[in-house]
Amino acid sequence: MDLRRWLLVPLVAGGLAVDAWVHLQYAGDYRRVATSVVSQATLFRLEGGAALLAAVAVVLLPRRATAVLAAVVAGGGALAVAAYTWGDPGRLGPLPDMYEPLWFSGKTASFVAEVVAALAALALAVALPATARRSGGRRRSRPSRS
């Protein structure tokens, strides 16, 4: 594993871990923000679970696909925070109105962690191969410089 992976994988996994912890920690506080279909608490639990799964996937299988998955999870979380903090989209289909213009420590930590994880995951996706290299196969030798 090269230096880029040693730096980027922990950034991605760490950011997603903070994202997961904050969403799972605060989920119960949002159980009353709901429609007849889904509550904000359920959405928080889904985000927390997705962040945990993406973090584990990037650590255990550092591949382009898992890095892209991590970027989608972290970037989607950051986008949702921005949309519901800086704007009031109201109720969107089955989603409840989750507008909350206030910043507090958990929300700030989650947002920063999501942005860092998303950017690191995009960089990781560029740095990683699409699939694992097979061991035991013939390797091409590099031409020697003479």
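For residues that are closer than 30 Å to G93 by Cα and in contact (Cβ under 8 Å) with a residue 24 or more places away in the chain, tally how many sit in the range 10-29.
Matching residues across the range 10-29 total 12.
From A125, A57, which residue is buried (at least 17 other Cβ atoms within 10 Å of the Cβ) and touching a Lys or Arg at 6+ places or on another chain (Cβ under 7 Å)? Talk me through it step by step, then tell me what you get.
Numbers: A57 fails: touching a Lys or Arg at 6+ places or on another chain (Cβ under 7 Å).
From the options A125, A57, the qualifying one is A125.
Residue check: is V33 touching a residue at least 40 places away in the same chain (Cβ under 8 Å) and crowded, with 21+ Cβ neighbours inside 10 Å?
Considered against the rule, which asks whether it is touching a residue at least 40 places away in the same chain (Cβ under 8 Å) and crowded, with 21+ Cβ neighbours inside 10 Å, V33 comes out as no.
Of everything in the range 1-52, what is more than 14 Å from the chain's Cα centre (by Cα), under 17 Å from A109 (Cα atoms) and small (G, A, S)? Give them in sequence order.
The one that is more than 14 Å from the chain's Cα centre (by Cα), under 17 Å from A109 (Cα atoms) and small (G, A, S): A27.
Every read-out reported here was derived from the displayed coordinates using simple, explicitly stated rules and does not represent laboratory data. Note that this is a predicted model, so its numbers are computed, not measured. Cβ: placed from backbone, ideal geometry, glycine included. Neighbour counts: every protein chain shown.
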